[in-house]
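Colleague: First the structure, then my questions, so here it is.
The values are calculated or read from the model by the stated rules, or taken from the named source; none is laboratory data. Predicted, not measured: the structure shown is a model, and the values here were computed from it. Cβ placement follows ideal geometry from the backbone for every residue including glycine, while neighbour counts extend to all protein chains displayed. When the accessible area is computed, the model is the full protein with side chains, heavy atoms only, and any ligands, DNA or RNA have been set aside. Shrake-Rupley method; radii C 1.70, N 1.55, O 1.52, S 1.80 Å.
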Amino acid sequence: MSNNEIRRLCLAEEGEKVVLQGNIAFAVGCVRSGIHSADGYPGTPSTEVIDRGLSRVQDLIKVGWSVNEAVAVGVAFGHTLAGEDSVVTMKIPGLFQACDVFTSSALFYEERGALIYFIASDFTPSSTQHVIDPRYLFKSSMVPVFEPRSHQEMLEASGIAAEIGRRYRTPFVIFASGTLCHSEGLVILNSAGKRDVLDIPEDLKKFNLLPPIARVNYDTVVAERMPGLEKMVEESPLNRWIRGSGKKGVITYGITTAYVKEVREIYGEDFDILSLAFTNPLPLKLMQEFYGSMKGDVYIFEDGYQFLQEAMERLGLKVIGKESYSGITEWSPALVAERMGYGVKKKKVKLEPVPRPPMICAGCLYRLFALEVARLKKRKKIEAIFGDIGCNSLLYFMGVLDTGLAMGASDSKRQGFVLSRPEKAARCMSIIGDSTECHSGLDATRNAVFRKVPGIKVVLDNYWTAMTGGQPAPSSPVNLAGDEVRFDLARALKSNGCRVLEVNAYEGKDIRKALKDALSLAEKDEFVVILVRGSCINKIPGDKKGVRLKISREKCDKCHICLICPGIEEGEDGFPQFSNLCSGCAGENPACMQMCPFDAMEFLGEEEVTQKTLAEFPKPPEIMKRQFDRSTLPERLTLAIRGVGGQGTLFFGRVLTQLAFLAGYGERNIVKGETHGMAQMGGPVISTFSCGKVHSPVLFPGSADCLITMEVSEILRPGFLDLLKEGGTILISKTSIIPQVITPEEYPAPERIKGALGEYRIIEVDALGSAIEIGDKTGRVANVVMIGALSRIAPFNGFPLDLWLEAIRKVSPNPAFWAANYAAFMAGRELL
């Protein structure tokens, strides 16, 4: 979404309907509710609130990234002492990183601005290292917790939090499901306004936590804050009792409400639903009233652990929830239906899906380093490698990384290992990224110097917080405001007393020498840091990327040593060839060229170089708007798209949401779900779309009118075929992407995949070939070719052509992209 569109939404009139991602809805809501400031640290699934939302309207709200979550909370707390209402964003592990500040600030009871935590959960997990439920922490910290159930409530949440936070003089937690954060849904813009900035408290000494003051604060909160909050949650109109027959009932909260409502809709049942807005404190009297009014069973559906279920059981109420130590940490509509005793049909596919772990990007600066370390491991020069959180964690899938624990913990693990096994000091190393080193890794660096622990620490410096999308860190050239950053990571490491070896990430010989030198120093009981430097490939402009090499068939021995990257692959005749993913190592010394033992690669001439830019396409004609009968469209439309990270499935889904909105489905509901996080790094991705009489971004089995796969083997993913309704269509792109963890021979042949699908209605198209044929040598618009093909398939062919085109243009209005997308869409229609 463009900067101009974010601004427009922040300032638009009340009542406008729009489809927004949950995080963007929250960001827009912050500005419209008059929140004064926002701070945070990037962490999927919370990142977009600042990254793609508030950072684009910095003249409307103070906003910035801090070096870690604990610092961000301290910054936000400072804003509240200055009288401002402040939001701080993070994911669950970030909360625990900030736990000291979170708990210490929880029990002040003096008037100040509202301190609002936006904490995104990931109980699957998709991009988080654990599924620990923090609700018990919230309860013991006596902080109220609101859990949004819809995109509309994501929009309104910050205003609710600010009002309650000020009224009860309390920090406030908005605990949002990652599914809700990353899905898109229909919202109606709320009223916009400004909030007064309070005076600075007269006696700042009351915001001190000397033990006697802390005791008084605790007693005051117990006696005054909590009784007021309990009364508020019992009487809140935000709790929703959806009346039914009273034969049986469900108590739930958050995004799980949508799953329960979806099951109720699909089966036409009339069970009662009590959907709670607040999970701390819980409205225990309302819950007891609901329970007492049910003639039959009462079910509990909640993500995380068993917080709500245990609260009911403490009241002596027998409910049906999770079994003791259940493995369910996140429900789906199918799981809800099964637990309630409804039949759910499942399909079996005899062919196993292709293993597709997330991988580092084509041309990534980490690759040559990883290959050199892998050689050392193979030769037993290195026995253990302690990893961290971030892009470096993907080296696990290259056989380089061993352990992974938490942000900044890599070298502290190494230190403990070496202190126990001193003889291993020169046989192990730690690896961390630059932004994580700035986050909390420097503490371990100082500890190694302080404790005189010998060994090797590697900092892979790509200048950005790359794993979450390239946000600025202290090691970046600029901060969020665009100001030049004066922090120097190399000088910081040296000033801590480290010996630092700096090396260019794209020079394999230099990396090899640095590793050799570091091992020698470690054997002499020294602590040394290797700083491997080069920019994140995704921060390099597109006109500096593209195929720069050609392969001499006379010199090439087909040894395949160069097949180290998604940008180069084995051709049909066994010779290596560059794929449409090749970035040319962004103008640096090409990694594959350095691997070739036969000097079979040489640079292209200037006229031969192909940059990763879209070809020039003719200007599309004006869209001819036509009248059509909306009543001919189905009451409900559902679709699911699978592909590989980078194939544009998320764009596909955004086009469909705009299409549904233009067609009038905004009168009911429009919902899109998607996968984010590590799955995007070349791993499996799913995007779902529903409109009409729908509730959930997670689809119910047997509900999809069409299944689409951007990569042929992705149709085999467990549970995907289950989504297709009887008589539905499968649209398959013939594109095959062979993951680096298997050989071409291990990849299932197209006829085997087709045979495994049996009697399904299947339509196959060559979307990538079509995109290349119309002039897009990168294949970037293959997803739009598939959209064009879909527009010919029932029931999606009921949408008129002008709506399809307008939807595509709205999602990507840039004239060059619109011209390319128009050509691709029309080419897709021609395929059918």
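Colleague: Please tell me which of these pairs span more than 31 angstrom C-alpha to C-alpha: Lys322/Lys348; Lys247/Lys693; Lys206/Lys452; Lys91/Lys318; Lys350/Lys693?
Modeller: Flagged as over cut-off: Lys206/Lys452; Lys91/Lys318; Lys350/Lys693.
Colleague: What percent do you get for the relative contact order of the chain when only Cα pairs under 8 Å and 6+ apart count?
Modeller: 11 percent
Colleague: Still on this model: What list of ³J(HN,Hα) values in whole Hz, one per residue of the stretch 573-587 in order, does the Karplus curve 6.51 cos²θ - 1.76 cosθ + 1.60 (θ = phi - 60°) give from phi, with Gly and Pro shown as x?
Modeller: Values per residue, Gly and Pro as x: 8, x, 6, x, 9, 7, 8, 5, 8, 4, 9, x, 6, 6, x Hz.
Colleague: Would you calculate the volume per residue, in Å³, of the smallest convex hull containing every Cα atom of the stretch 42-168?
Modeller: Dividing the Cα hull volume of the stretch 42-168 by its residue count gives 113 Å³.
Colleague: Within the stretch 285-371, list the GluC sites (Glu not before Pro) lying in a DSSP loop whose Cβ has at most 10 other Cβ atoms in a 10 Å radius.
Modeller: Glu323
Colleague: Taking H as built 1.01 Å from N, whose amide H comes closer than 5 Å to the amide H of Lys734, not counting residues under 5 places away?
Modeller: HN-HN under 5 Å from Lys734: Val765, Asp766, Ala767, Leu768.
Colleague: How much length, in nm to one decimal, is gained on full extension between Glu352 and Phe598, taken as 0.36 nm per residue of separation minus their Cα-Cα distance?
Modeller: Length gained between Glu352 and Phe598: 84.8 nm.
Colleague: Excluding residues on the same chain fewer than 8 positions from Lys625, give the aspartates and glutamates whose Cα lies under 20 Å from its Cα.
Modeller: Cross-link targets: Asp802, Glu806.
Colleague: Something else: Counting only protein heavy atoms and using a 1.4 Å probe, what share of the accessible area of the chain belongs to carbon plus sulfur, as a whole percent?
Modeller: Result for the chain: 51 percent of the exposed heavy-atom area is carbon or sulfur.
Colleague: Using alpha-carbon positions, what is the distance between the centroids of the stretch 77-95 and the stretch 198-221, in Å?
Modeller: 18 Å
Colleague: If you take every residue apart from Gly74 with its C-beta less than 11 Å away from the C-beta of Gly74, what net charge results, scoring Lys and Arg +1 and Asp and Glu -1?
Modeller: -3
Colleague: Restricting to DSSP loop positions (anything but H, G, I, E, B) with no more than 12 other Cβ atoms inside 10 Å of their own Cβ, which chymotrypsin sites (Phe, Trp or Tyr not before Pro) remain in the stretch 381-452?
Modeller: Those that pass, being in a loop and sparsely packed, number zero.
Colleague: A further question on this structure: Please list, by residue number, everything in the stretch 80-110 whose backbone N is under 19 Å from a paramagnetic label point 7 Å out along Cα→Cβ of Ile213.
Modeller: 80-84, 100-110
Colleague: Give the percent of DSSP beta bridges with both residues in the chain that are antiparallel, rounded to the nearest 5.
Modeller: DSSP beta bridges in the chain are roughly 35 percent antiparallel.
Colleague: Along Cα→Cβ, 7 Å out, is where each label goes; now give me the distance between the ones at Lys205 and Arg792 in nm to one decimal.
Modeller: 8.1 nm
Colleague: In terms of modelled amide H atoms, which long-range or inter-chain residues lie less than 5 Å from the amide H of Ala38?
Modeller: Here Lys62, Val63, Gly64, Val87 satisfy the definition.
Colleague: Here is a further query. Which label belongs to the value computed from this structure, given these candidates for volume of the Cα convex hull per residue in Å³: [x] 176; [y] 204; [z] 285?
Modeller: Checking each listed value against the structure points to [x].
Colleague: Additional query: What nm distance separates the two modelled labels at Glu523 and Val222, each placed 7 Å from Cα along Cα→Cβ?
Modeller: Each label point is offset 7 Å from its Cα along the Cβ direction, giving 6.3 nm.
Colleague: List the chymotrypsin sites (Phe, Trp or Tyr not before Pro) within the stretch 318-374 that fall in a DSSP loop (any state other than H, G, I, E or B) and whose Cβ has at most 16 other Cβ atoms within 10 Å.
Modeller: Tyr325, Tyr342
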